[in-house]
Amino acid sequence: MLCTLKDFPDLPEGTIPLCEIDGKLYFAPNDVANIHTFTSSVSSHPHVTVTKDVLHHISTKLHSDRVFLPVTDSLSHRLQTAWYDGGLVQVLEILANQQDNSFIVGNFLASWFLYGHRLFLKAKCFLSSSTSKEKIFNRERYKVGPIEHIVWHPHCPKLAVATRDDAISIYSTECQLNPVLKAKTQRQVSCIAWRPLSESELAVGCSEGVYIWVVDPNSIISRPSISCTTLLKAPTHRRVTTIAWSPQGDLLATASWNDHVMYIWNVDMKDSVPLKRIGGGGVSLLSWSPDSSMLFASTTTTMFRIWNCDAWEPEIWYTLGGDVIAICWAPSMSDMLLFVTRSDPYLYALPSATRTSIFASPASSRHTAAHVVADFTRVRLDSGYTVGGEVVNMVWDKKGKHLAVMFKDCPLIAVYTTNIAPHFYLAPG
Amino acid sequence: METMDDLGAKVELGRELCLGRLLTASCWTLALQLCLLIGWSAVLQSLSSPSSWSSALAWWHPPLLILALVSQALFSCNDYLIEPQLNTNRLKIFLSKFSFRNLIVLTLYTTLGTSLALVYTSSGGSSAIWLPCEGDPSKWCLQEERFFLILGGLFLGTYFFLHDYLLAIRSFKFPILQQCKFTQLKSRLSSVVTASVRSTSAPVSVYVTAYYVWGKSARNVFCWLFSVSPPDNPIDSFFSLLRPSILFYFWLVACMVTISVRLTELLFNIWLTERHMFPLTSDSALTLKEALGGNSPRIIRHLACLDFYLMSAKDRDRRRAVFELSQPGGHPHTWNAIKTQCFALINDFVLGLEKGSRPTPEEPPIRLIRRPLHICHGEANKESLADPFRRPSIQHTDPLVRIFTNLRDWSLIKWAEVSHFQFISYFVGELSESKIDNLLLGGEQVMWVAHGLSHLACHSLEEDNYGVMQNDLPSIITSLLRLKVALDRIVKQGGLLKKSPKHDEFSFRMRNAMRASVKRSIYRLAIHFKMYILDLHLPKEIEQQMLTFVAFKAV
């Protein structure tokens, strides 16, 4: 029977669930909720405070041109300023908008050049089946708070927090200092990931490529310099929007929404190999299986690929509609994964019950479908909360006991109880 | 017990494996070069007379191409088979450039360049380098355009010899991903072509300038050697040389030569670095433990280390064979043999690093060792033992031997005196980094072995039913930590060298890569065995280091 959000038990009025201890849920009133009264398991976690200064900083950065009053300037001066500010295109725009009758030929030529330039951009956009730069980076920017991304270190209680000013702060209880990682060219940070089996390496995907920061845990420097970082960039691979470390920390997969080629990096030697396949759009999401034997790569279309990491050949799958926005591999096994698409409010499981593994029978793989295991259709609970709809993110715990699902425009997080072996089982937590 | 004959036979098996791969790579190179040549001929002929493009290939083109290919194969495979030469001072480095082997390689490169230029320039039209003169048909006149192009091929061969062979660090690179060969070729082909086209502009401009300056002399020497008349309209003038047609054609030929050279190297690299699965036990084939040994050719040892790493990380069935006991007897022969080779590899590397990074003791002042020769007895012997820098005393009474020894000592003392002058010591002074850089060329295999041991140890928790491997866990941890400490030292040195003008990017990256890689191996062990670290009875210092890894605070 399909599990729906209606199946979740009602929340006691005026309280929120804080934790689960030995299978029992503990609730507390909204205003005096303190998890430390129930458990000390999170006492070693760092205390994170992000001040409003960050937002203030962003606001200043975005609208710095508005603090100056417009002035009337000579054409040559305006052209000079435009050249330095926006290059040839902005110069052409000024020439095309010039209202002077004595400049009619220049006006005409500039308009035609601009027209040709726009046509070229449209054609380029169409051919690469990509979204424009603004779209790519604004697609995820529906968040309104100062925090963009939060990532736990895979092995110790250390937290990396990326804020909207493209800085990354490292929080740890063992260190009083919170190093801030910031570089001049580290702009439009789109993803961050700690390197497994390493105490201090953090990969940051941004508009320039991928920065690999090495933050010495014993250092007393609060603002590590640019010498602590390595920039990975390939000539045609700059705007990195998704990154994933292999679980053994030896390889880094990077991809971009506007590029159908993804790169696998040997980070230490700064060497990369492109993985190119025709079809699908840009690569929007990457995820390694826990045993490094498979790599999930979702595209911006309905297609996604699962790469076999031994021969590096992909298996192609199609969703019913919409691209995959969240995916979880089953912990400690690589023959099962859960995913959610943008258009359908359902949780899918791969492989379906008819197959034993993703690569078990390639011949029949095209005829096999993923099966739905949960319904995320938006519902209104008796307690008054509305939950469900488009999924933002989804995480499966390392023991495979709980699955947490976060929805867009929803204050609640759905936590399911799961079991993997001997049969997959999912029930409202 | 393995006899010397068995060992020799196994080494021979390794050579056969290399030879087989070299032959396959050569065949593929030949096929690809022929495709290139046919494509080139087709394009050039279709521009002039589309109907007769097939006639552009002369009968002697394929044999010449094979000659060029064989010469290329000969110097390509050498790097894969023999260890890189170690030169510890600038003088040795300089002198090593003038070896007989390099002379042969130079000859091969120039043959390759000239023959490729000859083939590519003749497939476009006339293949003659001289023709009957227009004014006097009884005489032969040099066709200078063609002479210019073929001499260009010779120059390109020399340029590649200097740029790619003599002055470059020769080392082969394993692919990041173990893709199939065709996919590798496909994905790297475009970058090879682009890089070749880009790198052609430098030698082309140098050659054109050189021809403008010395072209006349070269032409006259050629005409004198082959008794032909110089052309009526020489092209070594400024405007003749800058004609777009000849420049473009030479640039095209140079591109084709460059692409041919780089493509051959790429094909050899792809074929020789393809993963080979060595059997764990076999009487007739080269096994993993034998391939890991120091007697194997260089590429075979690399392949064995890679196979060991991939087996440890991904192949459960083969891991099970490692953890098995022999029947009858119940001994872990397979693991013991592999373990011995792996430890030997790591220990040799660590010893090499320690020797290379340790500052050499200052030579004692010359006065201390210059003393009258005498036959040593009693006290003198003790004295010589106490002074490690003292020359061993002479115990011969034969006057001839004494004179000879005197002369030798005198020359050594003089040499020591002379080598202390700053100018001379620049050339003969020991380069501390050269030993380390030389070791780092084989760093990848040490990384694979470290990861292999680490993976195998972690899997042994679940798969090693007899505790075959867990007996050696303390030794594995100790070896890896010792390796890490040695690497820490050279990484610090490398950080200082980064600012120096003689900074070697490969060496710098490899130091950091090795350190990060070994640390990951130790972290893997720390995560899997964190509950048992105190039960392993490690030496106190090692235990402390492991505990920092368990806490994820290792420096």
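Structure values in brief
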| read-out | value |
| --- | --- |
| Long pairs among A:LYS398/B:LYS314; B:LYS314/B:LYS519; B:LYS97/B:LYS181; A:LYS233/B:LYS186; A:LYS270/B:LYS519, criterion Cα-Cα beyond 24 Å | B:LYS97/B:LYS181 |
| Mean accessible surface per residue for segment B:90-159, computed with a 1.4 Å probe while every protein chain stays in place, in Å² | 48 |
| Residue-count net charge about B:LYS173 - beta-carbon cut-off 9 Å; Lys, Arg +1, Asp, Glu -1 | -2 |
| Cβ-based charge dipole, segment A:73-127, positive-most Cα from A:ILE94, A:TRP112, A:HIS77 | A:TRP112 |
| Fully extended contour minus Cα-Cα distance, from A:HIS36 to A:THR417, at 0.36 nm per residue | 134.8 nm |
| Residue mean of other protein chain beta carbons inside 10 Å, A:195-202 | 5 |
| Shape of chain A, Cα gyration tensor, a/c cut at 1.5 | prolate |
| Cβ-placed point charges (K, R +1; D, E -1), dipole of segment A:73-127 about Cα centre in debye, nearest 20 | 320 |
| Proximal aspartates and glutamates to A:LYS184, defined as alpha-carbon separation beneath 16 angstrom and excluding residues fewer than eight positions away on the same chain | A:ASP165, A:ASP166, A:GLU208 |
| Listed peptides B:530-541, B:83-94 by packing density, highest first (mean Cβ within 10 Å) | B:83-94, B:530-541 |
| Length-normalised contact order of segment A:73-127 in % [C-alpha pairs under 8 Å, at least 6 apart] | 25 |
| 14 Å beta-carbon shell around B:ILE150, net charge (K/R +1, D/E -1) | 0 |
| Low-density loop cleavage sites - trypsin sites (Lys or Arg not before Pro) in segment B:257-316, where at most 13 other Cβ are within 10 Å (DSSP) | B:ARG275 |
| Complex-versus-alone comparison for segment B:157-192, residues with a loss of 40 Å² or more in accessible area, probe 1.4 Å | B:ILE176, B:LEU177, B:GLN179 |
| Nearest-ten-degree value, helix A:53-62 long axis tilted from longest Cα axis of chain A | 40 |
| Peptide A:209-218 - average C-beta neighbours from other chains (10 Å radius) | 1 |
| Amide H within-cut-off set for B:GLN143, under 5 Å, with H built and near neighbours excluded | B:TRP130, B:LEU131 |
| Contact surface B-A: accessible area buried, both sides summed, square angstrom, 1.4 angstrom probe | 2400 |
| Modelled FRET efficiency - R0 51 Å, B:ASN347 with A:VAL180, Cβ distances, 0.05 increments | 0.75 |
| For A:248-258, mean number of other protein chain Cβ atoms within 10 Å | 2 |
| Under 19 Å from the B:SER191 label point (7 Å along Cα→beta-carbon), backbone N, segment A:253-273 | A:253-256, A:259-273 |
| Cα centroid of segment A:234-272 to Cα centroid of segment A:386-411, whole Å | 27 |
| Segment B:ALA551-B:VAL221, extension gain: residue separation times 0.36 nm, minus the distance between their alpha carbons | 111.3 nm |
| Candidate aspartates and glutamates - alpha carbon under 13 Å from B:LYS484, same-chain residues fewer than 8 apart omitted | B:GLU354 |
| B:PHE427 versus B:ASP398: modelled label distance in nm, points set 7 Å from Cα along the beta carbon direction | 3.5 |
| Net charge of neighbours whose Cβ lies under 12 Å from the Cβ of A:VAL405, counting Lys and Arg as +1 and Asp and Glu as -1 | -1 |
| Rounded to 10°, Cα long-axis angle of helix A:75-96 versus longest principal axis of chain A | 60 |
| Efficiency of FRET between A:VAL379 and B:ASN465 - r from beta-carbon atoms, R0 51 angstrom, step 0.05 | 0.50 |
| Computed E for A:GLN99/B:ARG170 - FRET, C-beta separation, R0 51 angstrom, nearest 0.05 | 0.15 |
| Nearest-ten-degree value, helix A:104-127 long axis tilted from longest Cα axis of chain A | 20 |
| Extension reserve of the B:LYS492-B:ALA9 stretch, reckoned as 0.36 nm per residue once the Cα distance is removed | 169.5 nm |
| Chain A, helix-only ellipticity at 222 nm - DSSP H runs n ≥ 4, -39,500 (n - 2.57), divided by all residues, nearest 500 | -5000 deg cm²/dmol |
| A:SER111 paired with A:ALA369, simple spin-label distance in nm, labels 7 Å along Cα-to-beta-carbon | 5.5 |
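The values are calculated or read from the model by the stated rules, or taken from the named source; none is laboratory data. Please read these numbers as outputs of a predicted model, since none were measured by experiment. As a convention, Cβ positions derive from the backbone with ideal geometry for all residues, glycine included, and neighbour counts pool all protein chains shown. Side chains included, ligands, DNA and RNA excluded: accessible areas come from the protein's heavy atoms. Shrake-Rupley method; radii C 1.70, N 1.55, O 1.52, S 1.80 Å.
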